[in-house]
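The values are calculated or read from the model by the stated rules, or taken from the named source; none is laboratory data. Everything numeric in this text was worked out from a predicted model, so none of it was measured. When we count neighbours, we look across all protein chains shown, and the Cβ atoms used for this are built from the backbone with ideal geometry, even at glycine. Ligands, DNA and RNA are stripped out before the accessible areas are found, and what is left, the full protein with its side chains, is counted by its heavy atoms. Shrake-Rupley method; radii C 1.70, N 1.55, O 1.52, S 1.80 Å.
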Number of protein chains: 2
Amino acid sequence: MRYKTTIEYDGTQYAGWQIQPNAITIQETIQQALSEISGKSIKIHGSGRTDQGVHAKGQVAHFDLDTSMQTKNLQRGLNAVLPRDIRIHKIERVHDSFHARRSAVSKQYRYFIYNGPIMPALERLYKTHIRHPLDTSRMREAARLLVGEHDFASFSSSRGEDEPTVRILEQLDVLKSGRTIEIRTRSNGYLYKMVRSLVGFLIRVGDGSEPIESASELLEQKRRSARVPTAHPQGLFLWRVYY
Amino acid sequence: MRYKTTIEYDGTQYAGWQIQPNAITIQETIQQALSEISGKSIKIHGSGRTDQGVHAKGQVAHFDLDTSMQTKNLQRGLNAVLPRDIRIHKIERVHDSFHARRSAVSKQYRYFIYNGPIMPALERLYKTHIRHPLDTSRMREAARLLVGEHDFASFSSSRGEDEPTVRILEQLDVLKSGRTIEIRTRSNGYLYKMVRSLVGFLIRVGDGSEPIESASELLEQKRRSARVPTAHPQGLFLWRVYY
């Protein structure tokens with residue numbers, strides 16, 4: 001039987017989603033909890049990896065398990081065993097054809113920036129600190145140039161794979177509330193470190209280091225350069241996966 | 001020269017404000033940073049202690065220091081040396097008669113409750129989790145009975161001191177937004193653990209364990225009992241000190 005689960009986590013203490021040697025990851029922690037509850041060795045498949053320090057409000061994963069346990073009890077058991085920085089919000093029985101990554105239609109990420117001279121102690125884990133004032137109307141204009149179907153090679157870190165780099169960016173909104181700037185992005189597929197690269201570039205447009213038109217220029221260039229830094233992970237949230 | 005400073009902190013990792021042996025406290029951490037910056041041993045005086053795990057949005061303290069440093073530079077230096085979970089938001093020169101505790105006119109605390117079945121991973125450090133639904137209109141009615149000048153002996157933990165227990169509670173508001181309940185309180189003086197005791201009692205009124213009128217009854221009783229539990233520290237914030 002296949003299960004779909006919706007997971008929230010605080011990525012601060014983890015080396016990202018994906019299992020790796022000599023580091024504690026989210027995937028591994030959930031798999032261990034599942035084994036503890038079910039007595040079986042279970043592999044879970046996420047909708048995608050999140051990097052070290054990145055958070056998730058609504059990561060989705062699937063796993064296969066033959067059990068007579070009700071989903072409510074499975075969920076309760078998992079939350080009782082998991083550390084408090086990982087929470088299972090939902091478990092549903094799904095058709096065997098469901099796949100957390102392959103069935104996903106699109107994903108929304110949100111990135112939070114605190115834009116002011118002193119980073120508040122109580123917001124430090126969930127926002128990135130940018131001291132210099134950012135001009136959000138400039139950021140919005142550059143973002144508009146990036147939305148749509150483009151080759152995003154300049155806005156990703158190659159993993160040395162021969163992956164096609166054309167993607168459809170459905171949404172790239174820049175919102176402001178007080179000293180907090182929020183960047184929302186939605187796409188049917190992201191390249192490696194694409195969201196943090198888009199944010200890193202928009203920050204440079206916002207602080208005046210790059211003109212707005214660089215957005216189009218860099219899309220044309222199709223090659224990563226120092227003009228596109230990777231923004232820090234702790235402001236980034238995998239917000240929602242759409243199926 | 002006397003300085004007044006406004007401090008924000010995340011109390012999660014500290015054994016409270018006040019210096020004590022074999023534990024790291026906020027006061028001690030700031031004093032060490034001040035010594036590092038100024039080369040002198042400096043004692044800081046807070047507006048009051050906060051318990052282990054309690055946060056502050058606007059704690060105020062004063063200290064004496066003879067220096068030619070500008071306050072802006074003193075502040076920058078301190079924030080550079082301090083861990084990120086303590087931030088100095090302001091340093092001002094004040095008259096020698098200013099005293100962070102004795103000059104305070106009143107203090108506002110805010111307490112945050114997450115009221116729902118599953119505690120969100122990303123809110124766990126700053127809210128207390130109450131699973132059972134709380135009736136905020138009942139809590140509001142009980143709160144109304146507690147506002148004003150009363151003997152709050154039933155709502156504090158005696159420290160074995162012969163302290164007078166009559167206080168003026170200027171504000172005790174119960175706000176609700178989504179699944180978050182916020183309790184705001186303002187007073188010219190609090191007894192030991194008074195805010196957490198008031199919150200602990202209001203939670204019992206909200207979940208139906210106590211009738212609304214218990215508020216008046218307990219004020220009359222003037223003696224701590226099991227009917228007034230102390231709410232967890234991590235939902236509590238020293239929000240603002242008024243002078």
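Residue check, A:Ala61 against (1) open to solvent by less than 50 Å² (accessible area, probe 1.4 Å); (2) under 22 Å from A:His232 (Cβ atoms); (3) more than 14 Å from chain B (Cβ to nearest Cβ); (4) touching a Gly at 6+ places or on another chain (Cβ under 6 Å), all met but one. Which one?
Tallying (1) open to solvent by less than 50 Å² (accessible area, probe 1.4 Å); (2) under 22 Å from A:His232 (Cβ atoms); (3) more than 14 Å from chain B (Cβ to nearest Cβ); (4) touching a Gly at 6+ places or on another chain (Cβ under 6 Å), A:Ala61 fails exactly one: (2).
Quick one: how many residues across the stretch A:206-223 are touching a strand residue (DSSP E or B) at 6+ places or on another chain (Cβ under 9 Å) and part of a loop (DSSP other than H, G, I, E, B)?
Within the stretch A:206-223, residues that are touching a strand residue (DSSP E or B) at 6+ places or on another chain (Cβ under 9 Å) and part of a loop (DSSP other than H, G, I, E, B) number 2.
Which condition number does A:Glu170 fail, the rest of (1) open to solvent by 40 Å² or more (accessible area, probe 1.4 Å); (2) more than 18 Å from A:Leu219 (Cβ to Cβ); (3) acidic (Asp, Glu) being met?
(2)
Report yes if A:Thr29 is of a type in the set (Val, Ile, Thr), within 14 Å of another protein chain (Cβ to nearest Cβ) and closer than 23 Å to B:Leu125 by Cβ, otherwise no.
yes
Can you report the number of residues in the stretch A:146-159 which are under 19 Å from A:Asp51 (Cα atoms) and open to solvent by 70 Å² or more (accessible area, probe 1.4 Å)?
Here the count works out to 2.
Per-residue answers, yes or no, for (1) closer than 21 Å to B:Gly48 by Cα; (2) open to solvent by 40 Å² or more (accessible area, probe 1.4 Å):
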site: B:Glu163; (1), (2): yes, yes
site: B:Val166; (1), (2): yes, yes
site: B:Val174; (1), (2): no, no
site: B:Arg184; (1), (2): yes, yes
site: B:Asn188; (1), (2): yes, yes
site: B:Met194; (1), (2): yes, no
site: B:Phe201; (1), (2): no, no
site: B:Ser209; (1), (2): no, yes
site: B:Ala215; (1), (2): no, no
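Given the conditions (1) within 14 Å of another protein chain (Cβ to nearest Cβ); (2) open to solvent by less than 80 Å² (accessible area, probe 1.4 Å); (3) over 28 Å from B:Ala231 (Cβ atoms), report the number of the one that B:Leu122 does not fulfil.
(3)
For A:Pro133, indicate whether it is closer than 30 Å to B:Thr6 by Cβ, open to solvent by 50 Å² or more (accessible area, probe 1.4 Å) and in a loop (DSSP other than H, G, I, E, B).
yes
Only one of A:His89, A:His132, A:His150 is within 14 Å of chain B (Cβ to nearest Cβ) and in contact with a helix residue (DSSP H, G or I) (Cβ under 9 Å, 6 or more places away or on another chain). Can you tell me which?
Every option except A:His89 fails the conditions.
For A:Gly116, only one of the following conditions fails: (1) within 14 Å of another protein chain (Cβ to nearest Cβ); (2) open to solvent by less than 30 Å² (accessible area, probe 1.4 Å); (3) touching a strand residue (DSSP E or B) at 6+ places or on another chain (Cβ under 7 Å). What is its number?
All conditions are met except number (3).
Collect the residues in the stretch A:136-145 that are crowded, with 18+ Cβ neighbours inside 10 Å and among the charged types (D, E, K, R), keeping them in residue-number order.
Listed by number, the residues that qualify are A:Arg138, A:Arg140.
Please state which one of A:Tyr111, A:Tyr126 is among the hydroxyl-bearing types (Ser, Thr, Tyr), under 26 Å from B:Thr12 (Cα atoms) and part of a strand (DSSP E or B). Quick ask: steps written out before the conclusion?
Numbers: A:Tyr126 fails: part of a strand (DSSP E or B).
Only one candidate qualifies: A:Tyr111.
Name every residue in the stretch A:28-48 that is open to solvent by 10 Å² or more (accessible area, probe 1.4 Å) and closer than 24 Å to A:Ser187 by Cβ, in order of residue number.
Result: A:His45, A:Gly46, A:Gly48.
Out of the residues in the stretch A:92-106 meeting the condition of being of a type in the set (A, V, I, L, M) and either within 20 Å of the chain's Cα centre (by Cα) or surrounded by fewer than 15 Cβ atoms within 10 Å (Cβ to Cβ) (or both), tell me which one is nearest to the other protein chains (Cβ to nearest Cβ). Talk me through it step by step, then tell me what you get.
Initial filter on the stretch A:92-106 (of a type in the set (A, V, I, L, M)): A:94, A:100, A:104-105.
Pick out the ones that are also either within 20 Å of the chain's Cα centre (by Cα) or surrounded by fewer than 15 Cβ atoms within 10 Å (Cβ to Cβ) (or both) and you get A:100, A:104-105.
Working: A:Ala100: 19, A:Ala104: 21, A:Val105: 25 Å.
Looking at the filtered set, the residue picked out is A:Ala100.
What are the residues in the stretch A:82-101 that are touching a Ser or Thr at 6+ places or on another chain (Cβ under 7 Å) and within 14 Å of A:His45 (Cβ to Cβ), if any?
A:Ala100, A:Arg101
Considering each of A:Gly53, A:Gly77 in turn, give the residue that is within 14 Å of another protein chain (Cβ to nearest Cβ) and over 21 Å from A:Val241 (Cα atoms).
Just a single option satisfies the conditions, and that option is A:Gly77.
What's the number of the only condition in (1) open to solvent by less than 70 Å² (accessible area, probe 1.4 Å); (2) farther than 29 Å from B:Ala121 by Cβ; (3) in a loop (DSSP other than H, G, I, E, B) that A:Ala226 fails to meet?
That leaves (1) as the condition not met.
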